[in-house]
Amino acid sequence: MAVRTRMSGNEAVSHAIRQISPDVMPAFPITPSTEIPQYISTMIANGEIDTEFIPVESEHSAMSAAIGAGAAGARVFTATSSAGLALMWEVVYVAASSRLPLVMAVVNRGLTGPLNINAEHSDSMGARDSGWIQIYAENNQEAYDNMLQAYRIAEHAEVHLPVMICQDGFITSHAVENISLLEDEPVKKFVGEYEPEHFLLNEKEPMAVGPYAVSNYCMEAKKAQAEAMIRAKKVILDVAREFEELSGRTYGFYEAYRMEDAEYAVVAIGSVCGTTKDAVDRLREAGVKAGLVKVRVFRPFPGEELAEALRGCKAVAIMDRCESYSGEGGPLGAELTAAMYRAKLAAETVNIVYGLSGRDVRVEDMERVYDDLRKMAEEGLRFAQYPYLGLRE
């Protein structure tokens, strides 16, 4: 039976972790993810959860401890944001290459500089090629649901890769929304117990984790890791189908909103999708065939699937809450444009950078984006370079 309540995104993630009850949580506080270790350490102190909390001296130490615990055979969770993820950089790659099924909540916040504590995707997008699966939430409900699915994906025998569950700092992490929770026992049954096949504390199988790899072996290890990421696509969908049977909520690589006959589409990640849905509804009432493709899974990147969702569109705006400093736009723009090219789509495209350092995006802003798409398709409007939405010129 569903439990209706109100929670912030950080509370929702923490509630999911209480239900999952991982073995170990090393963490170091950083805004706006600090509440997650606060909530969970309080649950531990109150006897609500049987998890070993490890207070550490930095985020680098948090991920190092997570790797050690994971290698020993424990189910592990941690959380971070922004510069905390950046400080983990070295060991984030080690976690993935060691094929450890860790789960980390990333509450997205811009990387410096200038120093800013608000929502941006530069932290997790900067780690997009580290070998972690990345799943993003539009709202608090999705942050909760994604966390419940994370361990089933990470620990699957065909995957064994770490997972980042991402949500927008303050916009969802601290804002309180209505949410539907699952009861504890169905969650525990769905997630199941972690039974590692290979681990350091198994005295019957002496082994090393994260050893030095000479040239004759390292390339093969990387290929095996890449193949696991490809196999993760099927596992993500299989877990989502099981979760739908449990919760009634549907998930996939993306959500197509009013895309059946859409001529103008926005592709975006995270909380801006709620704003965009309102813009789409307004435009549909005015007779404009607008639609939205909300990307949920960024790694593995579902390029073929996203391109197919956009087939038939006249013009597409690809929205990035992150600047790649490539001179060409953002990471979603680069990867989706390439996928659309391979699929031989004829739609006009523009990559728009928006919402950096928490810059507000209003429904009216998104309506103007759709108007620009119409002008691109019908009047030949061209942009001199990739535009910044809402920039004070």
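Taken together, the values in this text are just the output of simple stated rules run on the coordinates, not laboratory data. Keep in mind the model is a prediction, meaning the values are calculated, not measured. Don't worry about glycine lacking a Cβ; one is built from the backbone with ideal geometry, like all the others, and counts go over all protein chains shown.
Remarks
- Separation of the Ser58 and Ala384 label points, Cα + 7 Å toward Cβ, nm: 4.4 nm
- Candidates per chymotrypsin sites (Phe, Trp or Tyr not before Pro) in the stretch 100-189, loop by DSSP, up to 16 other Cβ within 10 Å: none
- Neighbour count of at most 15 Cβ within 10 Å plus DSSP loop: longest trypsin sites (Lys or Arg not before Pro)-free window in the chain: 1-203
- Label-point separation, Thr250 to Thr42 (7 Å along Cα→Cβ), nm: 3.7 nm
- Farthest towards the positive end of the charge dipole of the chain, among the residues Tyr194, Leu85, Ala45, is the Cα of Leu85, using unit charges on the Cβ of Lys, Arg, Asp and Glu.
- Helix 363-379 and the long axis of the chain differ in direction by around 60°, with both axes built from C-alpha atoms.
- Summed side-chain charge close to Val288 - residues other than Val288 whose Cβ falls under 10 Å, Lys, Arg +1, Asp, Glu -1: 0
- Rough spin-label spacing in nm, given labels placed 7 Å along Cα→Cβ, for Glu364 and Ala346: 3.7 nm
- Taking the longest Cα principal axis of the chain as reference, the axis of helix 59-71 is set at about 60 degrees.
- Checking every one of the GluC sites (Glu not before Pro) in the stretch 168-205 against DSSP loop status and a limit of 12 other Cβ atoms within 10 Å picks out Glu183, Glu193, Glu197, Glu203.
- Per-pair calculated FRET efficiency, R0 = 41 Å: Asn216 and Ala338 via Cβ, rounded to 0.05: 0.80
- Taking 0.36 nm per residue of sequence separation and removing the Cα-Cα distance, the His174/Arg4 pair yields an extension gain of 59.4 nm.
- Sparse packing (at most 13 other Cβ atoms within 10 Å of the Cβ) combined with a DSSP loop state is found for the following GluC sites (Glu not before Pro) in the stretch 272-366: Glu328.
- Debye, to nearest 20: dipole size of the chain, +1 on Lys, Arg Cβ, -1 on Asp, Glu Cβ: 680 debye
- Counting only alpha carbon atoms, the long axis of helix 272-285 and the longest principal axis of the chain meet at about 30°.
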